[in-house]
Each structure stands twice: as C-alpha cells, then as structure tokens.
Amino acid sequence: MMAAMVGDDLPIFPERHQILITEPVAHLMDPMVMSFDRHFYVQQTPHGSVIMGIGDPAEPVSLNIRSSWQYLEFNAHLITQTLPVFRELRVVRQWAGLYDMSPDRYPIINQAKKAEGFFTIAGLSGHGFMVAPRLAILLANHLVGQQDNLDINLFSADRYRTGELLLEPLVV
C-alpha cells in the first residue's frame with residue numbers, strides 16, 4: 001500500500017468476496033434481499049439476471065482473487081434453501097475480488113505523519129462507490145479549511161490506538 005511507502009502502518013487488509021450472476025429470467029423480485037445472519041445478498045437486475053454474493057466470515061486474509069467451485073456449491077445450497085424460487089436458475093459466471101477492509105469496517109482518512117500533505121483514504125470495506133464521493137468532499141473541505149458537518153477526525157487511524165472504533169455490525 002502507498003501509505004506504507006511513506007511510513008504509515010495502517011490496519012488495512014484484503015478480504016476476498018465471490019459473486020455470481022445467472023442467466024436472465026422473468027421478473028422474480030424488486031428489492032435487494034440481504035441476510036446478515038447468513039451473510040448473503042441477492043438482487044435481480046433490470047434485464048432479469050440475478051446477482052448473488054456471499055461473504056465468508058472465515059475467509060483467510062490473502063490476495064486470492066480466484067473463484068472456487070466450493071463457493072458455487074455453498075452458494076447454491078444456501079440461496080436455494082433460503083429462497084427456493086431460485087432453484088431453477090442457471091449460473092452464467094462467477095468471479096472474485098478483494099475488498100480493502102479496516103478492523104471496524106469504516107473508512108480511514110489519515111494524514112501521513114512523515115510525509116506532509118500525504119493523505120490516505122482506505123478501508124472502504126465494499127462501500128467505495130457509495131461513500132467515496134462524500135469522503136472526497138470531506139477531505140477537500142479539510143484541505144481548504146472549510147467547515148463540514150462531518151468531523152474528519154472520526155475517520156483517523158488513531159481510533160485504533162485509542163479504542164474509539166466506529167462499529168458497524170451490518171456490513172455486507
């Protein structure tokens with residue numbers, strides 16, 4: 001990570017997430033369905049394909065971005081057990097990717113201690129497209145000295161040293 005190149009040791013780690021998509025089918029559902037207990041989400045796209053993802057709390061920390069047949073088998077069993085209407089769907093493809101995770105699943109906005117003017121925004125934990133624009137505005141306001149209704153210090157990596165974590169129990 002670039003932060004390490006300037007001497008910052010941030011508690012960011014990769015976590016593999018696997019996803020699959022089915023062939024398009026007739027309309028089955030409107031909302032995204034999530035189970036925090038079973039760690040999955042399912043959503044039908046406007047053209048009919050169904051996207052499914054399952055998080056594995058036991059997933060080892062690694063840079064592995066390969067998808068596995070074990071995931072496909074586990075996903076098929078879990079989803080069809082929970083939502084039997086999906087039993088006849090055919091999978092078109094599956095893939096895996098990495099989330100950059102922080103210990104409390106909240107972003108880190110950190111100014112390097114040894115490189116003046118160097119900031120890191122990381123640890124978005126799968127929410128990057130949703131929260132990155134707001135974090136960019138927050139940092140821009142900070143850099144030009146403008147007030148913001150959100151305190152940038154909440155996202156400092158110092159929270160791991162002080163124990164003032166931002167706990168989010170419902171992250172997919």
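Using a 1.4 angstrom probe on heavy atoms only, work out the carbon and sulfur share of the accessible area of the chain in %. Before the final figure, lay out the partial values.
Values: 6230 of 10680 Å².
Taking all protein chains in place, the chain shows 58 percent carbon and sulfur surface.
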Kirkwood hydrodynamic radius of the stretch 76-145, from inverse mean 1/r over distinct Cα pairs, in Å: 15.5
Most fluctuating residue given options Leu135, Leu83, Leu72, as computed from a GNM of the chain linking Cα atoms under 10 Å: Leu83
Where the Cα pairs of the stretch 21-67 fall when distances are cut into 10 Å bins, in %: 24, 40, 28, 8
Amide proton proximity set for Glu15, modelled H, under 5 Å, gap of 5+: Tyr99, Met101
The chain: angle of helix 128-143 to the longest principal axis, Cα-based, in degrees nearest 10: 10
Candidates Thr80, Thr162, Thr120, ranked by Gaussian network fluctuation over the chain, Cα under 10 Å, top entry: Thr162
With Cα atoms, 0 to 90° folded angle of helix 69-82 axis to the chain main axis: 70
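Which shape class applies to the stretch 60-103: rounded if a/c is under 1.5, otherwise prolate when a/b exceeds b/c and oblate if not, where a ≥ b ≥ c are the square roots of the Cα gyration tensor eigenvalues?
prolate
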Longest site-free stretch - the chain; sites: trypsin sites (Lys or Arg not before Pro), DSSP loop, at most 13 other Cβ within 10 Å: 115-172
Computed helical MRE - 222 nm, the chain, DSSP H runs ≥ 4 contributing -39500 (n - 2.57), nearest 500: -6500 deg cm²/dmol
Simple spin-label estimate for Phe74 and Val61 in nanometres, 7 Å along Cα-Cβ: 1.9
Residue with peak Gaussian network fluctuation, the chain [Cα springs, cutoff 10 Å], from Met52, Met34, Met130: Met130
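The values are calculated or read from the model by the stated rules, or taken from the named source; none is laboratory data. Remember, it's a predicted structure, so these values are computed and weren't measured experimentally. Methodologically, a virtual Cβ is constructed for each residue, glycine included, from the backbone with ideal geometry; neighbour enumeration extends over all protein chains shown. Quick note on the areas: whole protein, heavy atoms, side chains included, nothing else; ligands and nucleic acids left out. Shrake-Rupley method; radii C 1.70, N 1.55, O 1.52, S 1.80 Å.
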